[in-house]
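Colleague: One structure is given below, represented as structure tokens, and several questions about it will come after.
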Amino acid sequence: KDEQIEQEIQAKGLTAPRVTPQRINDVIASEYYFTAGQGVSGEVSSREEQPCQFCYESSLDLLTFCVLTLQNGFTVTGESACASPENFDAEIGRKIARDNAINKVWMLEGYLLKQQLHDASRQGEVDHG
């Protein structure tokens, strides 16, 4: 969907500075996926000599996280919760969680670009004070 929007922007000849799907991909250094159940299990096993296999609610296995580490070291998370265990699909959960994390990167990159444009416009102002 982001690529379709980018094609439409290009087709309309909109050339002002903007955040692009390529920019979003370029700022991502790494990505990790896990369920809340895996996180709890890992945390419990780090504290106990013998990990407890059933120390958490099974519903935690229906909550998927995506952690994106950006090139500058900042991390962004996305989540995906499934209400019915029968509908849980790990691949779909990861895709939804990643989409939610990517949306946060769009906001961060949009803010950064706006700040850069603002700073550039202020550099042209003369202080008469």
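Colleague: Once the Cα atoms of helix 90-123 and of the chain are each reduced to a long axis, what angle between those two axes, in degrees from 0 to 90 to the nearest 10, is obtained?
Modeller: Helix 90-123 sits roughly 30 degrees off the main axis of the chain.
Colleague: Positive end of the charge dipole of the chain (Lys, Arg +1 and Asp, Glu -1 on Cβ, about the Cα centre): tell me which of Ala83, Ile96, Ile5 has its Cα farthest that way.
Modeller: Of Ala83, Ile96, Ile5, it is Ile5.
Colleague: When Lys and Arg each count +1 and Asp and Glu each count -1, what net charge do the other residues less than 15 Å away from Ala36, Cβ to Cβ, add up to? Don't skip to the end; give the middle numbers.
Modeller: Working: positive: Arg94; negative: Glu43, Glu57, Asp61, Glu79.
Charge balance near Ala36 sits at -3.
Colleague: Quick one: helix 2-11 against the long Cα principal axis of the chain, what's the angle to the nearest 10°, folded into 0 to 90?
Modeller: 20 degrees
Colleague: Using per-residue counts of other Cβ atoms within 10 Å, averaged over each peptide, order 11-20, 89-98 from highest down. It would help to have the intermediate numbers written out before the result.
Modeller: Details: 11-20: 10.1, 89-98: 16.5.
Peptide ranking by packing, descending: 89-98, 11-20.
Colleague: Which three extents, in whole angstrom, do the alpha-carbon atoms of the chain cover along their principal axes, largest first?
Modeller: That gives 69, 40, 22 Å along the principal axes, largest extent first.
Colleague: Show that you can apply the helix-only estimate: for the chain, add -39,500 (n - 2.57) for every DSSP H stretch of four or more residues, divide by all residues, and state [θ] at 222 nm to the nearest 500.
Modeller: Working: 4 runs with 63 residues, N = 129.
For the chain, the value works out to -16000 deg cm²/dmol.
Colleague: With an 8 Å cut-off on Cα pairs and a minimum separation of 6 or more residues, tell me the relative contact order of the chain in percent.
Modeller: Across the chain, relative contact order equals 22 percent.
Colleague: Using +1 on the beta carbon of Lys and Arg, -1 on that of Asp and Glu, and nothing else charged, what's the dipole of the chain about the Cα centre, debye to 20? Walk me through the numbers on the way to the answer.
Modeller: Values: 11 positive and 20 negative charges, 92 e Å.
Charge dipole, the chain, about its Cα centre: 440 debye, nearest 20.
Colleague: Under a 1.4 angstrom probe, counting protein chains only, how are Cys82, Cys66 ranked by accessible area, largest first?
Modeller: Working: Cys82 35, Cys66 0 Å².
Correct descending sequence by accessible area is Cys82, Cys66.
Colleague: Between Asn87 and Glu43, what's the calculated FRET efficiency when r is the beta-carbon distance and R0 is 25 Å? Round to 0.05.
Modeller: After rounding, the FRET efficiency stands at 0.40.
Colleague: How far, in degrees from 0 to 90, does helix 36-47 lean away from the longest principal axis of the Cα atoms of the chain, to the nearest 10?
Modeller: Around 70 degrees separate the two axes.
The values are calculated or read from the model by the stated rules, or taken from the named source; none is laboratory data. Not measured: the values here are computed from a predicted model. No Cβ is skipped: glycine too gets one built from the backbone with ideal geometry, and neighbour counts run over all protein chains shown. Surface areas here come from the heavy atoms of the whole protein model, side chains and all, with no ligands, DNA or RNA. Shrake-Rupley method; radii C 1.70, N 1.55, O 1.52, S 1.80 Å.
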